[in-house]
1. Restricting attention to segment 62-93, and to residues there that are in contact (Cβ under 8 Å) with a residue 60 or more places away in the chain, outside any loop (DSSP other than H, G, I, E, B) and not aliphatic (A, V, I, L, M), which single residue is surrounded by the fewest Cβ atoms within 10 Å (Cβ to Cβ)?
2. For segment 2-34: of the residues being assigned to a loop (DSSP other than H, G, I, E, B) and not aliphatic (A, V, I, L, M), which is nearest to the chain's Cα centre (by Cα)?
3. Which pairs do you get when a residue that is closer than 18 Å to GLY106 by Cα, found in segment 28-42, comes within reach of a residue that is assigned to a loop (DSSP other than H, G, I, E, B) and hydroxyl-bearing (Ser, Thr, Tyr), reach meaning Cβ atoms under 8 angstrom, with the pair 6+ apart or on two chains?
4. All but one of (1) in a loop (DSSP other than H, G, I, E, B); (2) out of contact with any Pro (no Cβ under 9 Å at 6 or more places or on another chain) hold for VAL59; state the number of the condition that does not hold.
5. Would you check which residues across segment 80-97 are closer than 27 Å to LEU150 by Cα and either modelled with pLDDT under 85 or more than 18 Å from the chain's Cα centre (by Cα) (or both) and list them?
6. Are any of the residues in segment 131-149 within 17 Å of VAL27 (Cα to Cα), at pLDDT below 95 and not aromatic (Phe, Trp, Tyr)?
7. Restricting attention to strands (runs of 3 or more DSSP E) lying wholly within segment 95-135, give those where 2 or more residues are out of contact with any Lys or Arg (no Cβ under 7 Å at 6 or more places or on another chain), closer than 26 Å to ALA36 by Cα and among the acidic types (Asp, Glu).
8. Which count do you get for residues in segment 27-58 that are in contact with a helix residue (DSSP H, G or I) (Cβ under 6 Å, 6 or more places away or on another chain), over 25 Å from ARG126 (Cβ atoms) and buried (at least 17 other Cβ atoms within 10 Å of the Cβ)?
Amino acid sequence: VWLEPGAHAASRALSGVRDVLIDAFDVLAPCTHQAACPLLAPEHGKDWCHAFARPPREVFTDSSWARFGQHLGIDLRSVPYAFLVLRRKDVASATAPGADLDRFLGRPRIEKGRALVDACGKDGLRALRLLERDDRATYARLAEPAGESLLYALQVENGRIRSARRTT
């Protein structure tokens with residue numbers, strides 16, 4: 001398990017490490033596939049793989065947390081992180097990566113009646129949209145600050161998410 005700050009440079013460097021180690025290791029997370037990282041393609045130079053940690057409630061109610069964050073130069077209300085979980089290829093396991101799943105990167109961009117997401121999976125990095133009328137429950141979940149990496153089984157037509165089933 002490898003955890004880094006979710007800054008652009010650190011996250012892209014971790015994606016590069018992933019691609020170097022892929023011959024000796026199975027990638028368990030965040031990737032749902034064993035192919036090269038699509039974020040490292042030249043056309044995705046502005047993109048990076050990250051999620052957001054859910055801060056403890058005290059960050060919003062205790063002034064000492066605000067001072068602590070200021071001292072560190074970190075906004076504790078929004079803490080991005082990048083991670084990598086690997087397993088040696090020679091280690092047998094019943095748990096296989098979810099090849100038919102997509103991970104939502106960063107935060108969904110919520111607009112009136114729709115959510116825009118960057119989904120990474122076996123089909124590469126895709127910019128997708130979910131209309132509230134297509135899946136109200138998923139739209140409502142995406143509108144909340146989740147504080148976790150979002151993994152879904154998706155049904156997609158022409159860049160439009162028709163249904164999404166959240167997995168763990």
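1. ARG88
2. Within segment 2-34, the subset assigned to a loop (DSSP other than H, G, I, E, B) is 6-7, 22-24, 30-34.
Next cut, not aliphatic (A, V, I, L, M) only: 6, 23, 30-34.
On the way: GLY6: 10, ASP23: 23, PRO30: 7, CYS31: 9, THR32: 11, HIS33: 14, GLN34: 16 Å.
Result: PRO30.
3. From residues that are closer than 18 Å to GLY106 by Cα, the pairs are ALA29/SER149; PRO30/SER149.
4. Status for VAL59: all satisfied but (1).
5. Keep residues of segment 80-97 that are closer than 27 Å to LEU150 by Cα, which gives 80-89, 91-97.
The answer is ARG87, ARG88, LYS89, VAL91, ALA92, SER93, ALA94, THR95, ALA96, PRO97.
6. Yes, the conditions are met somewhere in segment 131-149.
7. Values: elements: 102-111, 114-121, 124-131.
By residue number, no strands (runs of 3 or more DSSP E) qualify.
8. Residues meeting the conditions: 0.
The values are calculated or read from the model by the stated rules, or taken from the named source; none is laboratory data. Because the structure is predicted, anything quoted here is derived from the model rather than measured. When we count neighbours, we look across all protein chains shown, and the Cβ atoms used for this are built from the backbone with ideal geometry, even at glycine.
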